[in-house]
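As structure tokens, the structure follows; a few thoughts come after it.
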Amino acid sequence: MEVNRDEAERCIDIATAALSNEQPEKAQRFLEKAQRLFPTEKAKVLLEMIAKNGFTPRGGHSDFNEQSGPRQRQPNSDDTRPEAKPSEKSYTADQLDSVRRIKQCKDFYQILGVQADASEDELKRSYRKLALKFHPDKNHAPGATEAFKAIGNAYAVLSNASKRRQYDQCGEEKTNPSSSGPENENFEADISPEDLFNMFFGGGYPSSSASMYANGRMRNQRRDRRERPREGGFALFVQVMPILILVIVSALSQIMVNSPPYSLSYRPSAGYTQKRLTMSLKVPYYVGEHFSREITGLNLKNLERTVEDDFISNLRNNCWKEKQQKEGMLYRARYFGDNDLYQRAQRARTPSCAKLSEITASLHG
């Protein structure tokens, strides 16, 4: 049990702090735990006090020690009754009357106590004075929070030239400025009362997520929230746009680039169904259906020369590949002593080389 003594002391300390914060249930749990770990007179006395009146005298368990229990002292009437809970925050009659006056105002000008043609400086001076007077931390009268919000809302609307003009045009249709509802949506504050107050007195501006304030003008936060989904769609479009551009450019390039008028494939293909032979080397090639009408005379002669040049170039490339393949087989056969592979390499044909030799001979013949 001795090993649990420190943990029991810690539980008693936590319980004492809980009693000081008027949390008798929490204190009782820790005191019971302390007794299970290491029974002490301190925990026992505190549990008895909680059982009787749910409190501990101010000063915690400093009046107790493990050996002698409670110190002897003269009874005090304060020790026999619960510590009085703090009363509700007080307020003056003047504060209550001021709140009532704000609630009775018919328009924003009356709330701020200014004329309809008040300048921006007059609005600021009035707001500073009223905001300090009705801030919930200073004015605890019933309805002070609503009055503080109404003051902030009035300044937010009247300090915005566009909203003020719209508000003035409403004339007799203005609703009660201290009330809220759908009909009052256009004349609600674009910024929270606390943010507006901090801008004037806290030395800082709201975070970027809040409405912005520049040159005494508010930007509509609700409009920003409504436009946010559209901005998300636009951002997605901007991200996809490069891909769309690539697809469109690729399609246009395929459309705009003219297909060659012939094909050297060994069989008909899409767009090249008519077989022809060049006049000089009898090279086979395929053309489209309208080739005979579109290409004639000198153009035909130049095109066939191009066909033959391409054909010879292809033969050279294929001949080189065939030779490389044959030489590779011979090398492996010699290296590994594979007589069968050597015989196959000797018999391997090189048709492209044979055709190239044939054409070369005809040209020089």
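The values are calculated or read from the model by the stated rules, or taken from the named source; none is laboratory data. Source: prediction; values computed, not measured. Every residue, glycine among them, receives a Cβ derived from its backbone with ideal geometry; neighbour counts consider all protein chains shown. Protein only, heavy atoms only, side chains kept; ligands, DNA and RNA dropped before computing areas. Shrake-Rupley method; radii C 1.70, N 1.55, O 1.52, S 1.80 Å.
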Contact list, first residue from the stretch 127-156 and of a type in the set (Lys, Arg), second anywhere and assigned to a loop (DSSP other than H, G, I, E, B), beta-carbon distance below 8 Å, six or more apart or interchain, is LYS133/ASN139; LYS149/ALA189
Scanning the stretch 265-309 for residues that are open to solvent by less than 50 Å² (accessible area, probe 1.4 Å) and in contact with a Pro (Cβ under 8 Å, 6 or more places away or on another chain), the one nearest to SER362 (Cα to Cα) turns out to be LEU303
Across (1) at pLDDT below 85; (2) open to solvent by 60 Å² or more (accessible area, probe 1.4 Å), ILE50 clears everything bar (2)
The condition from (1) closer than 16 Å to CYS105 by Cα; (2) modelled with pLDDT of 55 or more; (3) among the hydroxyl-bearing types (Ser, Thr, Tyr) that THR175 misses is numbered (2)
By residue number, the members of the stretch 310-365 that are outside any helix (DSSP H, G or I) and surrounded by 11 or more Cβ atoms within 10 Å (Cβ to Cβ) are ASP338, ALA348, THR350
The residue from GLU22, GLU2, GLU32 that alone is open to solvent by 10 Å² or more (accessible area, probe 1.4 Å), on the phi < 0 side of the Ramachandran plot, among the acidic types (Asp, Glu) and at pLDDT below 85 is GLU2
Exactly one of ALA161, ALA156 is surrounded by fewer than 16 Cβ atoms within 10 Å (Cβ to Cβ) and out of contact with any His (no Cβ under 8 Å at 6 or more places or on another chain), and that one is ALA161
Looking across the stretch 95-116 at residues that are open to solvent by 90 Å² or more (accessible area, probe 1.4 Å) and either of a type in the set (Asp, Glu) or in a helix (DSSP H, G or I) (or both), the single one that is farthest from LEU132 (Cα to Cα) is GLN104
Just one listed residue, out of THR92, THR80, THR16, is among the β-branched types (Val, Ile, Thr), exposed (fewer than 14 other Cβ atoms within 10 Å of the Cβ) and modelled with pLDDT under 85, and it is THR80
Taking the stretch 338-356 and keeping residues touching a residue at least 12 places away in the same chain (Cβ under 8 Å) and among the hydrophobic types (A, V, I, L, M, F, W, C) leaves LEU341, ALA345, ALA348, CYS353, LEU356
By residue number, the members of the stretch 1-37 that are in contact (Cβ under 8 Å) with a residue 12 or more places away in the chain and of a type in the set (S, T, N, Q) are ASN4, THR16, SER20, GLN28, GLN35
Exception for ARG58 within (1) modelled with pLDDT under 85; (2) among the basic types (Lys, Arg); (3) open to solvent by 70 Å² or more (accessible area, probe 1.4 Å); (4) not in a loop (DSSP other than H, G, I, E, B) falls at (4)
